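The values are calculated or read from the model by the stated rules, or taken from the named source; none is laboratory data. Small disclaimer: the values here were computed from a predicted structure and weren't measured. Virtual Cβ from ideal backbone geometry, glycine too; neighbours counted across all protein chains shown. Keep in mind that these areas ignore ligands, DNA and RNA; they rest on the heavy atoms of the full protein, side chains included. Shrake-Rupley method; radii C 1.70, N 1.55, O 1.52, S 1.80 Å.
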Amino acid sequence: KDKLPLQLKLIKYQYENKGVYWYSHVGDFLQGQLSLSNIELKVRENTGWRGKWSKALLLQHKNSDEFKQSQKEDIDKDIKKKICKSKHKFQVEKKSTFGMIRKKLGSYYNIKPEHIEIWLPGGTYQTKFDYGSKGRGSWNKKLEKLIDSRPEWKEVYPMRFEIQTYNVKDYDLMTEWDKDQNGSSWRQRSPRKFPKRVQELAMFNFKLGSPTQGGPTQGAASSLMEMTIAHCKSWIAKDVVTHILKEVIENPIFGYAFFGDIIKYIQKYEMNENSNLDIDLSILKTLGPERFLIFDELDKSPPKDLYHMTDSYKMPSHFSQIKYTDFRILLLAKNDPLVLKYQQKQQKQKSPKKKKSPRKNGNKNKNQNGMEIDETS
């Protein structure tokens, strides 16, 4: 591997980024072909594939350079089916990891593989899936031992997948850290070996809404889009909002999936544009953290705590860092008192301070006794 010329190393990297092993020796390639296994991946049920992700995938394709160059007004029916495909069958080598399988799916959907979650069947003869932290296919885990554990899995190994907004590699480390803290890690790994960043991460689930979708006093809204991220367990509001905006700008599919209502609100009420137009993600780059308010997700009563800009949250010690803590994020109107107060504060900081003019008393000074002396005479 290390002796490969740079050009072949680049080819190898490109293949493996698509979830395909690349061999420099014919013998290794043939051996890999002799150990192929069939896997079947289906979208996890009730995760909004048709209502949310399919639409987001189509918008992602429609706004791609490839589609714009085609100069077509709409996507062909056959291409739509291919883009929104929810079931895949692959032949993979037994030594394949779930990271490599994620790369296959990521390449297909044009999504970073770190944002694809894979769920495994349980050990019972009824094919049921554990959608908890124990039922995940961790990044470096290999298929081989799992396939060999059940006769029918040697024919086809079933899995479920879904698109997630958190980084699955981070979540792998978070679950290992949690096991270590609870004394259930079979590795008995020392906490000192986990990066400090991982030790501080926690899972948060945010429901996103616009001003027309209800404020803090109107309770929870089931129609709001939910976005899950791993963030520092104790945070400042502006940092959380900045993190979310950065994720949706770097991953356009998240913008289409979660910020559609917010962008349409801005188009209609702040830009006086037709809200039926396509979602323009460039609008997100104009938003600062001062435009968002974070508050507790409660069903009936008004939230106890509100978080805006420099307001801080500290996760209670009895909360689990690998289980979701629910909040809502509301886009504030441009004339909201919180936004106006922040803008006024910014203007005061930017405006130059007036210098005190020196006292005009000619060329007179005072002597030690306080008497004025006219130095012009």
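Couple of notes before you dig in:
- A simple rule links phi to the HN-Hα coupling: the Karplus curve 6.51 cos²θ - 1.76 cosθ + 1.60 with θ = phi - 60°, which for segment 311-326 gives 5, 10, 10, 10, 5, x, 5, 8, 6, 7, 6, 9, 9, 5, 9, 8 Hz, with x for Gly and Pro.
- Amide H partners (placed H, <5 Å) of LYS141, local residues excluded: PHE98, GLY99
- Sorting the Cα pairs of segment 59-109 by distance into bins of 5 Å, from 0 upward, gives 4, 15, 24, 18, 13, 12, 9, 4, 1 percent per bin.
- Column: log10 I(q)/I(0), Debye, Cα scatterers of segment 104-158, q = 0.12, 0.20 Å⁻¹: -0.32, -0.83
- Segment 46-121 - accessible surface per residue (Å², probe 1.4 Å): 56 Å²
- For PHE292, the amide hydrogen comes within under 5 Å of the amide hydrogens of LEU332, counting only partners 5 or more places away or on other chains and with H modelled in the peptide plane.
- Neighbourhood charge, 10 Å Cβ-Cβ cut-off, centred on LEU208 and excluding it, Lys, Arg +1 and Asp, Glu -1: 0
- Pairs beyond 28 Å (Cα-Cα), from LYS285/LYS341; LYS285/LYS323; LYS81/LYS285: LYS285/LYS323; LYS81/LYS285
- Extension gain for LYS89 to HIS318 (0.36 nm times residue separation, less C-alpha to C-alpha distance): 78.2 nm.
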